[in-house]
Amino acid sequence: LYKRVFKSIVGRHWYMRLRGHEPDRREFGRKTIGHQHAMSKQTADPAVLERVLMKLCEKAARRLRKNNLYAGGISLWMSFAGNRQLWSITGADAYAGQRTGWHHGEKVGSRLYATHDIYAHAKRLLQSASVTEPVRLMSVTVFDLHDWDPEQLDLFGAERGYLAARRISDALDAVNNRYGEFVVTPASMMDMNGVVLDRIAFGSIRDMQ
């Protein structure tokens, strides 16, 4: 590759990439963490969507905590059946009078770290979407990321709730890290093995470490 194909440093970079290295890797501050799922059975059933949403939130939250971050905002994106576009369109689409997608994001005014906190806000967004068409794709993203450490406590104990949620979440993560992914899970995620698998983009390996 280096000598015969590209005849430049580009060939050397691809040689290394194909062997698991990142020769031109540059570290940028992480701005968002999210997870997406393509529905194996497209549905508008809120009970099914809420279960998938819970697992998306758990996976995003696990990555958030792994990087010792908390989020200040959350967004939910859904693509409806019949939409073959790779981008979302908020609201109604003029074509055939059907919506092709729905998206909304907002800051929440609190620290998002524990899965149940992230899920509570994501579920509220889902309920506000008024889903009537079968959902094809669903994605949850947290943004406005900040390093948790160093902790800064206030004089009046307003941070105690956040710290308690953090310790509980970290303890559950430690159990799952030791005994296997999702050994301890919310009840709504029972019997969901194999649903919402990890998807790591090419060249992005830090979440696999």
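The values are calculated or read from the model by the stated rules, or taken from the named source; none is laboratory data. Since we're looking at a predicted model, the values are computed, not measured. Here the Cβ is made from the backbone with ideal geometry for all residues, glycine too, and neighbour counts use every protein chain on show. The protein model used for the area step is the full one, side chains on, heavy atoms only, and it has no ligands, DNA or RNA in it. Shrake-Rupley method; radii C 1.70, N 1.55, O 1.52, S 1.80 Å.
Quick notes on this one:
Conditions (1) aromatic (F, W, Y); (2) over 19 Å from the mean Cα position of the chain (by Cα); (3) modelled with pLDDT of 95 or more, marked per residue:
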position	(1), (2), (3)
Y113	yes, no, no
H116	no, no, no
V131	no, yes, no
R136	no, no, no
H146	no, no, no
L153	no, yes, no
E159	no, yes, no
D173	no, no, no
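- S88 being open to solvent by 40 Å² or more (accessible area, probe 1.4 Å), closer than 20 Å to A38 by Cα and modelled with pLDDT under 95: yes
- Selected residue [touching a strand residue (DSSP E or B) at 6+ places or on another chain (Cβ under 7 Å) and surrounded by fewer than 21 Cβ atoms within 10 Å (Cβ to Cβ)] from A71, A38, A47: A38
- Residues located in region 105-136, provided they are outside any helix (DSSP H, G or I), buried (at least 17 other Cβ atoms within 10 Å of the Cβ) and not aliphatic (A, V, I, L, M): R111, Y113, E133, R136
- Where a residue in region 94-106 is closer than 11 Å to S139 by Cα and among the hydrophobic types (A, V, I, L, M, F, W, C) and its partner, wherever it lies, is in a helix (DSSP H, G or I) and modelled with pLDDT of 85 or more, with Cβ under 6 Å and at least six apart: none
- Lone unmet requirement of (1) open to solvent by 20 Å² or more (accessible area, probe 1.4 Å); (2) at pLDDT 95 or above for R63: (2)
- In the condition set (1) under 17 Å from L64 (Cβ atoms); (2) surrounded by fewer than 19 Cβ atoms within 10 Å (Cβ to Cβ), V142 is compliant with all but (2).
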